[in-house]
Amino acid sequence: MSCTIKKRQSVLRNLFCFAVVSLIIMLTVGCERKAEAKQTLVVATEATFPPYEFYRGNEIVGIDMDILREIARRNNLHFQIEDMSFDSLITAVQTGKVDLVASGLTVSPDRARQVAFTRSYANARQVVIVPENSPITGREDLRHYRLGVQHGSTGDMYVSEHIGEAERFTNGALAVAAMNAGKLDAVVLDNAPAENHVAGNKGLKILPEPLVEEEYAMAVSKSRPELLEMLNKSLAELEADGTLARITEAYMKDNKPENTAEAHGAWARLKENFHTNFIKNDRWTYLVKGFCVTIEISAAAAVMGILLGFLIGVIRSTADQTGKLRFLNALCRLYLTVVRGTPVVVQLLIIYFVIFGSVDISKVLVAIVAFGLNSAAYVAEIVRSGIMSVDPGQMEAGRSLGLGYGTTMRNVILPQAFKNVLPALGNEFIVLLKETSICGYIALQDLTKGGDIIRSQTYDAFLPLLAVALVYLSLVVLLSHLLKKLEIRLKKNER
Ligand code: ARG
């Protein structure tokens with residue numbers, strides 16, 4: 001028996017060392033990435049809004065980006081773009097996560113209460129896109145049909161106030177894709193991206209009468225008057241010397257997205273779609289980049305979850321068994337209640353915007369901490385159940401051999417418990433891996449977000465989603481296989 005325990009212990013010890021070392025490496029990588037990005041103007045945008053901001057290859061380009069580049073050049077600054085969900089943009093400036101928003105953002109009194117707007121640099125309109133053969137002819141018809149909008153946009157607000165309920169999508173491109181799939185009858189969107197979508201999709205048109213006129217401006221925090229002044233001055237100069245008009249014109253005429261499959265026959269269409277979605281413009285690189293981010297976050301969070309989870313699990317069981325560690329136990333229970341009682345996406349947003357709100361910290365690190373803390377709560381309960389599943393006689397035997405509580409726990413109970421809970425722990429990793437797919441909420445380009453970017457460019461929901469699903473599935477299959485092997489190895493050691 002002592003030989004078995006020693007072997008198991010050494011497996012555990014190796015795993016533990018591996019875990020600690022990888023966590024340290026991953027955290028350092030996360031930190032370094034941020035360090036490079038210092039002393040720049042950080043700009044938030046939502047980059048599925050052509051011609052104002054959109055991906056070309058792996059780069060975000062568009063009217064807003066060229067304006068920023070020009071402002072940065074004239075003021076001797078660097079700028080760095082954060083692509084995040086549209087409804088997070090205002091929060092991001094308010095909490096100081098970014099310096100400004102440049103995102104085809106419409107000036108509105110509601111928003112002006114939260115942030116300071118620069119002078120406006122473009123006029124826009126909310127328009128209605130419908131299929132060419134649609135019975136909808138004007139605003140009056142709209143209330144009887146299924147409408148799509150971008151969540152949090154002024155189009156969304158207009159529809160809610162004047163027309164009725166709409167389906168809210170994370171971006172306009174997805175709403176258009178839903179209309180193409182027959183799930184919507186009309187999409188309300190800003191005129192420039194609307195024209196772009198109509199050019200890129202067969203069989204769509206824009207209704208002649210716009211719903212409302214708007215103006216675009218950049219937004220900064222109200223506590224940054226000096227930044228506001230600099231932007232206003234630069235925008236005025238760009239307007240006066242014709243740069244603004246030149247940038248806008250270049251994009252308005254030059255930016256027509258490619259049409260998706262024109263080929264005939266299912267196989268030919270599939271081939272062409274495959275080409276458009278993955279090969280063209282190296283779009284597959286979104287998935288590869290996203291894959292690496294997903295792996296990095298999941299692995300580091302799993303390690304953190306295990307370390308913290310084991311600690312909490314042991315504290316909880318010790319308290320249950322010996323009646324000691326009352327205070328720590330109460331703390332742990334509070335932690336478990338809060339973490340298990342709230343959705344992980346809410347935790348991620350709180351950690352990003354509130355806890356690390358004013359701290360300049362890498363988003364990968366934020367995600368690792370958020371998912372690690374979340375996972376720890378579940379691991380803790382798994383570990384506790386593992387410890388409880390070990391026959392109490394084992395503890396008594398250890399103690400009667402003269403070993404202390406801690407030593408018996410470490411050398412006798414935990415190795416057995418670990419083996420018992422391995423399947424449940426494996427399950428937790430699988431859940432964790434898939435849960436990281438919400439990273440896009442804090443503008444992290446993980447695997448899911450990589451697929452989203454492709455979808456927003458090609459208007460094809462099927463292939464990008466299928467590819468993303470296949471990658472997750474393969475990862476989970478691989479992970480299950482590795483865990484199975486570990487299980488077998490631990491079992492062998494038993495003999
Ligand atoms: N102009 C609209 C608004 O401010 C929509 C802007 C959407 N911009 C974007 N980059 N997705 O609400």
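Just so it is clear, none of the values below were taken in a lab; they were calculated from the coordinates. Because the structure is predicted, anything quoted here is derived from the model rather than measured. So basically every Cβ, Gly included, is an ideal-geometry build from the backbone, and we count neighbours across all protein chains shown.
For the reader, a short list of remarks on this structure follows.
- For region 300-408, the Kirkwood hydrodynamic radius from C-alpha pairs, put into Stokes-Einstein at 4 °C and a viscosity of 1.567 mPa s, yields a diffusion coefficient of 85 µm² per second.
- Residue-averaged 222 nm ellipticity for the chain, from DSSP H runs of 4+ at -39500 (n - 2.57), nearest 500: -19500 deg cm²/dmol
- With a simple spin-label model that places each label point 7 Å from the Cα along the Cα-to-Cβ direction, the separation between Leu77 and Arg399 comes to 6.6 nm.
- Span-rule helices in the chain, defined as complete DSSP H runs reaching 27 Å or more along the axis (Cα) with Kyte mean at least 1.0: 284-322, 363-389, 462-494
- For the cross-link pairs Lys202/Lys289; Lys289/Lys485; Lys253/Lys289; Lys434/Lys485; Lys222/Lys449, the ones whose C-alpha atoms lie over 25 Å apart are Lys202/Lys289; Lys289/Lys485; Lys253/Lys289; Lys222/Lys449.
- Cut-off 17 Å (backbone N to label point 7 Å along Cα→Cβ of Thr407), residues of region 355-398: 394-398
- Between amide H atoms placed 1.01 Å from N, distances below 5 Å from Leu184 occur with Met179, all of them 5 or more places distant or on a separate chain.
- When the alpha carbon gyration tensor of the chain is reduced to an equivalent ellipsoid, its three semi-axes come out at 51, 26, 20 angstrom, largest first.
- The chain, relative contact order [Cα under 8 Å, separation at least 6], %: 19
- Ordering of 475-482, 195-202 by packing is 195-202, 475-482, highest average first (other Cβ atoms within 10 Å, averaged per residue).
- For Lys205, the amide hydrogen comes within under 5 Å of the amide hydrogens of Val130, Glu132, counting only partners 5 or more places away or on other chains and with H modelled in the peptide plane.
- Paramagnetic reach from Lys324 (point 7 Å along Cα→Cβ, amide N under 17 Å) across region 397-433: 397-414
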